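Below is one structure; the comments refer to it alone.
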Amino acid sequence: MSSSATEQAVLDRIDEDLLVRTTQSLLRAAGQNPPGDEAATVAALTTAAISLGLDVVASQVEPGRDNLSVVLPGGDGPGLLLLGHTDVVPVGDGWTHDPFGGELVDGRIYGRGASDMKGGVAAALVAMAALRGVALSGPVELAALVDEEETGKGIRSYVADEHSFLGCITAEPTDLQTIIGARGDSYLRVAIRGRASHAGNPDGGANAIYGAAAVVAEIERLHKELATSPHPLLGPATWSVGRIDGGTGGSIVPAECVVVADRRLLPGESPDAVLADLRARVEKLGLADRGLTFELEMPMEMPAFETPPSASLVRVTDAALRDAGGPGLPLGGWTAACDGGFIARDLGVPVVVLGPGSVTNQAHRPDESVAVAEVLVAARAYALTALRLLGSETA
């Protein structure tokens, strides 16, 4: 559909130079998670929001770690949530650009978090500023939360309070594709304990690494089982062992070994059921017969979500994206996980994921970058979605 006069006026207020400067200011705010250092980014976002005439409320999650709610007031009805996070993964090696420089080169802005997801946060902020002065039936809120990349402390704190939204757009990098479903994620930690002894007499001990090897083999079998039952949009649930720690030296029978695994979740899957299933399977491995014990925990879980294609949020957002100059990709699913799953599960709010940049080709990599043109399209799409969901003119 073509844009109305009101919509065009809002789009005309979305300034590309402002988008670039805002993205750069966020990228130049250094900090990594772990260890959980979002304070500089929160400060930069606060400064930018206030300068654009938006309301800002900070909520402490932990000392030095604040969630930020940037609000464009509207009427008394339910609003639109734009969801983001302020933490970025560690820089790592292999960079040819300053990871906290925000360099603009050939239409791309470089820096850790450019795609995941400071470009999306900047687009949301500038879109909200462009909506100032427009009568809306409810508020537009940008929730910029801490700790998305680790254990989700920010989103857990956020959903503990009451909120009323018609829908949520999570501004994660999707190559400007409207994502209507995403897998969830969980981390599981299995600690196997045995008994140390001299390696010259290995039968005098209980080898925890042998027990861990049996656990790893069982997880691999589980992964293959799940591959036979894929979700039509998101593919199968998956297991992946990502870390093993054990032993103190080659001449010592190891008394402890820890296995850390990643389990991707499908919509409707219960993390508690996943934990119980693995516990039952490990108990059948006969570790006790080897003189071994184990402890199992799930230190992190992030729910999956799926929004029907017929949902108003999906139809309005995808049409807005097309009208904003998007690439015209079909509705899709995401194998990554994001905070949007908590919004869907705990608040009962429909969710889509839509943002500039690429989770597969840019996020968590050296020389991470985002295209200015994509940030501009995202900002235009967010503004149009807000107008059509909350304004007097609907799609």
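The values are calculated or read from the model by the stated rules, or taken from the named source; none is laboratory data. No experiment lies behind these values; they were computed from the predicted model shown. Every residue, glycine among them, receives a Cβ derived from its backbone with ideal geometry; neighbour counts consider all protein chains shown. SASA here: full protein model, heavy atoms, side chains in, ligands and nucleic acids out. Shrake-Rupley method; radii C 1.70, N 1.55, O 1.52, S 1.80 Å.
Of the Cα atoms belonging to region 1-54, the radius of gyration and Dmax stand at 15.4, 48 Å. Ranking of Tyr382, Tyr210, Tyr110 by solvent-accessible surface, largest first: Tyr210, Tyr110, Tyr382 (1.4 Å probe, protein heavy atoms only, all chains present). Centre-to-centre separation between the Cα atoms of region 139-157 and those of region 262-311: 24 Å. Both radii come from the Cα set of the chain: Rg as radius of gyration, Rh as Kirkwood radius; their ratio Rg/Rh reads 1.05. For region 271-395, compute Rg over Rh where Rg is the Cα radius of gyration and Rh is the Kirkwood radius from the inverse mean 1/r over Cα pairs. Checking Rg against Rh, the ratio lands at 1.16.
Legend: Rg and Dmax of region 235-307, from Cα coordinates, 15.4, 55 Å. To the nearest 10, the accessible area of Arg290 is 110 Å² with a 1.4 Å probe. Candidate cross-link partners of Lys153 among the lysines, defined by an alpha-carbon separation under 30 Å and a same-chain spacing of 8 or more, comprise Lys118. Taking every C-alpha pair closer than 8 Å and separated by at least 6 residues, the mean separation divided by the residue count of region 281-365 gives a relative contact order of 31 percent. In the assembled protein chains, Ser251 presents an accessible area of approximately 70 Å² (probe radius 1.4 Å). Note on the chain: helix-only mean residue ellipticity at 222 nm, from DSSP H runs of 4+ residues weighted -39500 (n - 2.57) and normalised by residue number, equals -9500 deg cm²/dmol. With a 1.4 Å probe rolled over the protein heavy atoms of all chains, the accessible area of Lys284, Lys224 falls in the order Lys284, Lys224, largest first.
The Cα-based radius of gyration and maximum Cα-Cα distance (Dmax) for region 164-269 are 20.0, 67 Å.
Length, then width, then depth: along the principal axes, the Cα atoms of region 77-125 run 48, 25, 11 Å. Listed by chain and number, the lysines placed with their C-alpha closer than 29 angstrom to that of Lys224 are Lys284; residues fewer than eight positions away on the same chain are left out.
Residues Ser115, Ser310, Ser69, ordered by accessible area of protein heavy atoms at a 1.4 angstrom probe radius and largest first, appear as Ser310, Ser69, Ser115. Relative contact order of region 218-267, taken over Cα pairs closer than 8 Å and 6 or more residues apart, is 34 percent.
Summing Lys and Arg as +1 and Asp and Glu as -1 over all other residues whose Cβ lies under 15 Å from the Cβ of Arg322 gives a net charge of -2.
Restriction of the GluC sites (Glu not before Pro) in region 1-52 to DSSP coil positions whose beta-carbon has at most 15 other beta-carbons within 10 angstrom yields no sites. Distance between the C-alpha centres of region 172-204 and region 27-81: 32 Å, rounded to the whole angstrom.
Give the Debye-formula value of log10 I(q)/I(0) at each listed q (0.16, 0.21, 0.28 Å⁻¹), with one equal scatterer per alpha carbon of region 87-162, two decimals each. For the requested q values the scattering log ratios are -0.79, -1.04, -1.27. At the listed q of 0.09, 0.14, 0.16, 0.23 Å⁻¹, the Debye profile of region 10-131, built from one uniform point per Cα, gives log10 I(q)/I(0) equal to -0.25, -0.60, -0.77, -1.41.
When the surface is traced with a 1.4 Å probe over the full set of protein chains, Leu176 keeps roughly 10 Å² accessible. What would the Debye equation give as log₁₀ I(q)/I(0) for region 210-354 at q = 0.20 Å⁻¹, counting only Cα atoms as equal point scatterers? Relative scattering, expressed as log10 I(q)/I(0), comes to -1.24.
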